Every structure is written in structure tokens, then in C-alpha cells.
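Chemist: This is the structure I have questions about; it appears just below.
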């Protein structure tokens, strides 16, 4: 509205013209438009036909950890331990004898994914001896919003590698402790 536009104001004694500054009128129109849009969006999201997407189901833990995780095709899977952006993780813990001990399902796994992808890669050919350190293993079963799941095996014994079937890395004491703490 221009500053010269006349608005009508109602008083007890009747109607009389008054001037409304242009900035105030424009601001009022903008606020009303925003409120109308917010109400329309709220109604659309609560409509009977609109329902939130179901949560991504976690993968179950097998009775024993695999010797080598399956490695389906996924972009980035040949260079990263955990490719893409997984949304849910099942941590499967196994004892020294290989039997399942505990498991836990997690969401919001970005910090753990960053730690796994920051591990030092083992370059092939592999030709070295590992100390005999008995320990269990962790199978990390990642799920994504679409496509196949992704497994990473973290060994707690001998060389303590982490592998996904394509990428092999050394683990760290920090990672081993973090995974053990997750299963508490």
C-alpha cells in the first residue's frame, strides 16, 4: 500500500478515514500470508492420506559372525569401509568362541561412520604376521533409506582388522572400546 492510501477505522462514534503508513500495511499483509501458508502446510501434513514414512527396519544379527562380509554394489563401496549415509545400525557382538553375546540398534550413526571411514587402509598384497590376541568380533549391519544393507566385520582378535568384503583397514583401540561400550 502507498502512504497516501486511505483506510477506514471504526470507532465508537462511527467510521472516519485515517492514514495507515505503507510499511505497516505491507508488513501486516506479509505476516498474514506467512500464517496462512503455515496453516495450509500443517493441514496438508496431518491429512488422513498423508502418513510419515515408516522407520527403516534394523537388520538382525546372525548366530555367528561371517568370515567375510557380503559386499553388495553400492556407490563408494570399493573405497570406503561404510559408503553413503546409513540411517540405522545393528551392532552385533560375538564372544571369543564366535557365539552371539549381545546386540543393539542405533540411529544417528554419522559419528561412528566417520570414525570407521577414517581408519587406515591395509594395502594389498598382505604379507605380515599378527600377534595371537584372543578376542571376539563385532558385526556392524548398516541400513539405508534405499538399496541393500551393508556389513562391516570388526575383528577383536589377532590383527584386529575391519573389513567389508572389498576394503580392509586396521582398527584402533579407540574403536574397539567404543563398540564394546555400545554393547555395555
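Just so it is clear, none of the values below were taken in a lab; they were calculated from the coordinates. Since this is a predicted model, take the numbers as computed values, not measurements. Neighbour counts are summed over all protein chains in view; Cβ atoms, including those assigned to glycine, are modelled from backbone coordinates with ideal geometry.
Chemist: Go ahead and run the numbers for FRET between residue 181 and residue 159, Cβ-Cβ distance against an R0 of 25 Å, rounding to 0.05.
Modeler: Details: r = 22 Å, r/R0 = 0.88.
With a Förster radius of 25 Å, E is 0.70.
Chemist: Follow-up. Taking 30 Å as R0, compute the FRET efficiency from the Cβ-Cβ separation of residue 174 and residue 73 and round it to 0.05.
Modeler: The computed FRET efficiency comes out at 0.45.
Chemist: Now a separate question. For the pair residue 166/residue 106, report the inter-label distance in nm, with labels modelled 7 Å from Cα in the Cβ direction.
Modeler: For residue 166 paired with residue 106, the spin-label model returns 2.3 nm.
Chemist: Report the gain in length on full extension from residue 87 to residue 127: 0.36 nm times residue separation, minus Cα-Cα distance, nm rounded to one decimal. Could you put the intermediate results ahead of the total?
Modeler: Working: separation 40, 0.36 × 40 = 14.40 nm, distance 3.60 nm.
That works out to 10.8 nm of additional length.
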